[in-house]
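The values are calculated or read from the model by the stated rules, or taken from the named source; none is laboratory data. Values in this document were obtained by computation on a predicted structure and should not be read as measured data. Because the Cβ atoms are built from the backbone with ideal geometry, glycine has one as well, and the counts that use them run over all protein chains shown. Heavy atoms of the whole protein, side chains included, go into the accessibility calculation; ligands, DNA and RNA do not. Shrake-Rupley method; radii C 1.70, N 1.55, O 1.52, S 1.80 Å.
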Amino acid sequence: MSTIVAAADAAHLLRLVPRLLDYTPTQSLVVIPLHSGRSLGVMRVDLPPDDADLDAVASTVVGLACRVAGVEGFVAVVYTDESADPALPGADLIGALRRTARACGLDVVDALTVAADGWGSHLEPTPPRGGHPLALIEHRAPASDQSSGADLPLVDAAEVAGTAAALASLESALTVLCGIPSTLGAEARVDPAALQAACALDDLPALYEEMLEWDAAALDPMRVAVVGWCLSRPSLRDVAIVQWSGDQDRGDDALDAQRRWEDGEEYPVDLAEVLWGEGPRPDPERLLRALELVRQVAARLPADERAGACATAGWLAWALGRSTHAGRYAAAALEVDPRLGLAEILMSFVQSSHLPDWAFRR
């Protein structure tokens, strides 16, 4: 929500929206909160289904806009694949938004629709039939939409097989060194790389910090196995999320808190609030590095071992404001483990349009 942009007119604003989002939205409602005529960022939600309660939808959307510090009004833009002939689609949704905004003391500066064959404003006294030409607003717009980039990277079967073998070796090494029972049910040769990887787990925060410096696109099977093993365990996964959202000191605190919680103590609120999207704003560069690492790991893990990595990728995407991607990763996690708590929480966040608190702070 930190981008501030001034637009000359509606056409100029619509050319800017894909740049603000870094994609061209489809089947979406975009809301641009404003202060003194300048944008405070941009929010996107899916268009509601035909049978939705539009007043309830408007209440949710306007409520999100109200959370942005300094907001005085907003521009609403409906993106739809319907035709603008004979009239602009989305009028009922726009009407509900205007009613709710008025009740909340917000000004609807403009209400626009970008349809399949034209665009226009619902506030124009006499909008042209079929809308204005799309050529006026399509200057260098990104070809991608809100779902682009959510698929896991493509890897070949040999890489997945290599990871499976590395996981077996890692679990055998942990059984030898720590007495941790293997979940794979088969004995595997303990190679030196597995022993070294198992020993690195002795200082988990240091390992998590080191992971952010790895080349995510060129991970060897044992590194994939180590990340996947950690993220498949809820307590270690939570430590990773807290640390990647902060720094190594926070990781040390989270690991210590986890051990104390297992001994019956209360888990510190300042650490728990991170998982709910509250507290200080994370460094987006750290989150982006962590997300790319976890996406690459999830792609290389055997399908039945990737639930934890997918759920973690979902949380990282959600923390970055990419709720559409978060929903895809959470759904993938639930396909593997229908009872995975983090994935269930993320799906509830996405379905209720709940965003991290830091998304609303400049």
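Of all residues in the stretch 310-362 being hydroxyl-bearing (Ser, Thr, Tyr), in contact (Cβ under 8 Å) with a residue 40 or more places away in the chain and within 20 Å of Arg281 (Cβ to Cβ), which is surrounded by the fewest Cβ atoms within 10 Å (Cβ to Cβ)? Here the answer is Ser353. Of all residues in the stretch 146-169, none satisfies the criterion of being open to solvent by 40 Å² or more (accessible area, probe 1.4 Å), hydroxyl-bearing (Ser, Thr, Tyr) and part of a helix (DSSP H, G or I). Of all residue pairs spaced 6 or more apart or on separate chains, those with beta-carbon atoms under 8 Å, a first member in the stretch 147-158 that is closer than 18 Å to Asp46 by Cβ and in contact (Cβ under 8 Å) with a residue 40 or more places away in the chain and a second member that is part of a loop (DSSP other than H, G, I, E, B) and among the hydroxyl-bearing types (Ser, Thr, Tyr) are Ser148/Tyr23.
The stretch 1-80 holds strands (runs of 3 or more DSSP E) entirely within its bounds, and those carrying 2 or more residues that are under 19 Å from the mean Cα position of the chain (by Cα) and of a type in the set (A, V, I, L, M, F, W, C) map to 28-35, 43-46.
Of Ala103, Ala96, all but one fail to be touching a helix residue (DSSP H, G or I) at 6+ places or on another chain (Cβ under 6 Å) and either part of a helix (DSSP H, G or I) or charged (D, E, K, R) (or both); the exception is Ala96. Taken as a whole, the condition of being part of a helix (DSSP H, G or I), basic (Lys, Arg), crowded, with 21+ Cβ neighbours inside 10 Å and in contact with a Leu (Cβ under 9 Å, 6 or more places away or on another chain) applies to Arg295.
Listed here are the helices (runs of 4 or more DSSP H) enclosed by the stretch 200-261 that have at least 1 residues being polar (S, T, N, Q): 234-244.
If you go through the stretch 283-292 one residue at a time, how many are under 19 Å from Cys230 (Cβ atoms) and either outside any helix (DSSP H, G or I) or touching a residue at least 60 places away in the same chain (Cβ under 8 Å) (or both)?
Number of matching residues: 4.
Just to be sure, is Ala143 outside any loop (DSSP other than H, G, I, E, B) and open to solvent by 30 Å² or more (accessible area, probe 1.4 Å)? No.
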